[in-house]
Amino acid sequence: MTKLTVAICASASNYPQVIAASYDIEKLGINVLLPATAARMKANGGKNIEADRDWTSVTAHEKASFIRGHFNEIEKSDAILVMNYEKHGKANYIGPNVLMEMSIAFYLRKPIYILNGKPEDSPLIDEILGLEPIFLNGDLKKLVH
């Protein structure tokens with residue numbers, strides 16, 4: 001039986017939590033594909049090497065490269081896992097970039113798992129639900145069942 005490969009999608013501000021959870025996912029026998037910045041952080045022992053970066057200085061071309069790179073990871077995966085933690089005081093936050101990643105997975109007919117609950121106060125909720133995600137409600141073990 002082939003191991004499940006899951007591409008992780010999350011807001012960059014939550015990468016420390018994502019990295020911590022990636023070890024738990026790997027213990028379930030699942031291969032994890034992290035966004036490039038999170039992968040660099042994990043390789044560096046989880047240290048947030050990007051914390052001091054001025055993200056406003058990232059050019060549109062650099063941003064496009066990051067987006068395309070993670071779209072490629074999604075294409076290689078069997079499914080995606082949206083790790084929707086709190087951001088800006090909003091529970092279960094899913095932002096526009098993660099919605100784009102979800103859309104790619106949807107287009108490629110890959111299952112879309114969402115770690116936590118629905119982001120009820122999101123202006124994107126109709127689009128999020130329209131992609132027919134599977135809510136894990138915090139239970140990573142549901143990825144293997």
- Tell me, please, whether a residue that is farther than 19 Å from residue 14 by Cβ, of a type outside the set (A, V, I, L, M) and part of a helix (DSSP H, G or I) can be found in the stretch 112-129. yes
- Filter the stretch 58-77 for residues that are of a type in the set (Asp, Glu) and closer than 9 Å to residue 7 by Cβ; the one that is surrounded by the most Cβ atoms within 10 Å (Cβ to Cβ) is 73
- Message: Let me spell it out: the conditions are (1) surrounded by fewer than 16 Cβ atoms within 10 Å (Cβ to Cβ); (2) within 16 Å of the chain's Cα centre (by Cα), and residue 144 meets all of them except one. Which number is the exception?
- Response: (2)
- Run residue 29 past the list (1) modelled with pLDDT of 95 or more; (2) part of a helix (DSSP H, G or I); (3) more than 17 Å from the chain's Cα centre (by Cα) and report the number of the one that doesn't hold. (2)
- Just give me the residues in the stretch 62-93 being more than 14 Å from residue 106 (Cα to Cα) and basic (Lys, Arg), in sequence order. 63, 68, 87, 90
- Number of positions in the stretch 62-109 that are within 14 Å of the chain's Cα centre (by Cα) and in a loop (DSSP other than H, G, I, E, B): 10
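The values are calculated or read from the model by the stated rules, or taken from the named source; none is laboratory data. Please read these numbers as outputs of a predicted model, since none were measured by experiment. All Cβ positions, glycine included, derive from the backbone under ideal geometry; neighbour counts span all protein chains shown.
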